[in-house]
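The structure appears below as structure tokens.
The values are calculated or read from the model by the stated rules, or taken from the named source; none is laboratory data. Please read these numbers as outputs of a predicted model, since none were measured by experiment. Note that we place each Cβ from the backbone using ideal geometry, even for glycine, and neighbour counts take in every protein chain shown. These accessible areas exclude ligands, DNA and RNA; they are computed on the full protein's heavy atoms, side chains included. Shrake-Rupley method; radii C 1.70, N 1.55, O 1.52, S 1.80 Å.
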Amino acid sequence: ASLSGSSSRFDNAGTFRKAADSGTTTIGVTFNNYGTEELQSGTLLCSGSFVNSGSVVLSDGAACVMANGGSATGSFTAPAAALVDWTGNTFSGAFSLNPGAQLNGSGLYQLDGATVSFNTDIALENLALVTTLGGTSTTLNGTGNLTVSNTMNWTSATIGGSGRLLIAPGAALTVSNSGTVNLSGRVLENAGTVVWMGGGALNLTSTAITNRAGALFDAQSAASLSGSGSRLDNAG
């Protein structure tokens with residue numbers, strides 16, 4: 001089902017709930033969430049801009065897909081088997097995670113052909129950077145520090161902006177890129193395990209990869225790690 005219209009919006013200050021049906025419900029207007037969005041089953045596709053100033057709470061197996069930009073100063077909570085996905089399917093603008101935003105739970109947070117700016121310090125368990133939708137490029141950007149405490153998969157994307165991407169102790173980053181991926185500006189700091197197993201190059205621009213004492217950077221790729229104004233610091 002879909003809710004659509006031109007130059008229109010849906011303002012939620014109460015509870016918006018998607019329940020019962022396991023299919024996809026499409027919101028094709030600007031969706032301003034000031035209250036609570038409960039996704040109990042199926043997929044909610046925001047093909048209009050989505051602004052979350054409240055809370056988005058998913059159940060196991062549910063998905064929240066944002067396909068046309070927006071911002072958040074509120075929270076997302078995704079339990080295991082739930083998905084929060086920023087896609088490039090109809091993306092016409094970036095999505096910004098601003099001060100106050102939180103990404104909670106053990107579900108998957110995924111950037112797929114979208115530009116998402118982390119403009120505040122964010123900690124999350126599971127992150128994926130992929131490109132599956134028509135070749136639209138994926139970019140992780142912004143000024144905030146980003147900490148991954150469980151797993152991160154990097155198959156295609158540019159990681160940019162400023163600040164730090166920290167792979168926490170006990171966490172693992174898998175770089176399984178078939179083509180070139182880029183790290184620009186933002187420092188990649190590994191305190192856990194990085195496994196680079198893709199056939200594509202890892203290109204660095206004005207940045208550093210820091211491998212902390214006790215950490216492991218496991219290069220299983222025959223490709224190149226290169227770039228300008230950058231360095232690899234290994235204490236592990």
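For the stretch 108-120, a residue qualifies if it is touching a residue at least 40 places away in the same chain (Cβ under 8 Å) and open to solvent by 10 Å² or more (accessible area, probe 1.4 Å), and exactly one does: S117. When the stretch 179-191 is filtered for residues that are within 13 Å of N234 (Cα to Cα) and open to solvent by less than 10 Å² (accessible area, probe 1.4 Å), the ones remaining, listed by number, are L188, N190.
Within the stretch 207-226, is there a residue that is part of a strand (DSSP E or B), under 23 Å from the mean Cα position of the chain (by Cα) and among the hydroxyl-bearing types (S, T, Y)? Scanning the stretch 207-226 turns up at least one residue that is part of a strand (DSSP E or B), under 23 Å from the mean Cα position of the chain (by Cα) and among the hydroxyl-bearing types (S, T, Y). Does G170 qualify as being open to solvent by less than 20 Å² (accessible area, probe 1.4 Å) and assigned to a loop (DSSP other than H, G, I, E, B)? Answer is no for this residue. The lone criterion from (1) over 18 Å from T155 (Cβ atoms); (2) surrounded by 13 or more Cβ atoms within 10 Å (Cβ to Cβ); (3) modelled with pLDDT of 95 or more left unmet by L202 is number (1). Where strands (runs of 3 or more DSSP E) fall wholly inside the stretch 11-86, the ranges with 1 or more residues that are open to solvent by less than 50 Å² (accessible area, probe 1.4 Å) and of a type in the set (S, T, N, Q) are 24-27, 30-33, 36-39, 43-46, 50-52, 55-58, 70-72, 75-77. All told, L232 falls short of being modelled with pLDDT of 95 or more and under 17 Å from T158 (Cβ atoms). Within the stretch 121-138, being of a type in the set (S, T, Y) and open to solvent by less than 30 Å² (accessible area, probe 1.4 Å) holds for one residue alone: T138.
Matching residues to (1) over 30 Å from N203 (Cβ atoms); (2) modelled with pLDDT under 95; (3) more than 13 Å from the chain's Cα centre (by Cα):
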| residue | (1), (2), (3) |
| --- | --- |
| Q40 | yes, no, yes |
| T43 | yes, no, yes |
| N52 | yes, no, yes |
| S55 | yes, no, yes |
| A94 | no, yes, no |
| L108 | no, no, no |
| T138 | no, yes, no |
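Just the residues that are hydroxyl-bearing (S, T, Y) and either loosely packed, with under 14 Cβ neighbours inside 10 Å or under 21 Å from G236 (Cα atoms) (or both), please, taken from the stretch 205-220. Scanning the stretch 205-220 gives S206, T207, T210.
Yes or no, residue by residue, for (1) in contact (Cβ under 8 Å) with a residue 12 or more places away in the chain; (2) polar (S, T, N, Q); (3) in a loop (DSSP other than H, G, I, E, B):
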residue	(1), (2), (3)
L140	yes, no, no
S149	yes, yes, no
S162	yes, yes, yes
L165	yes, no, no
T174	yes, yes, no
G179	yes, no, yes
N182	yes, yes, no
G198	yes, no, yes
L204	yes, no, no
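For the stretch 227-236, the set of residues classified as surrounded by fewer than 17 Cβ atoms within 10 Å (Cβ to Cβ) and not in a strand (DSSP E or B) consists of G229, A235, G236, listed by residue number.
The condition of being modelled with pLDDT under 95, part of a loop (DSSP other than H, G, I, E, B) and under 15 Å from the mean Cα position of the chain (by Cα) holds for S156.
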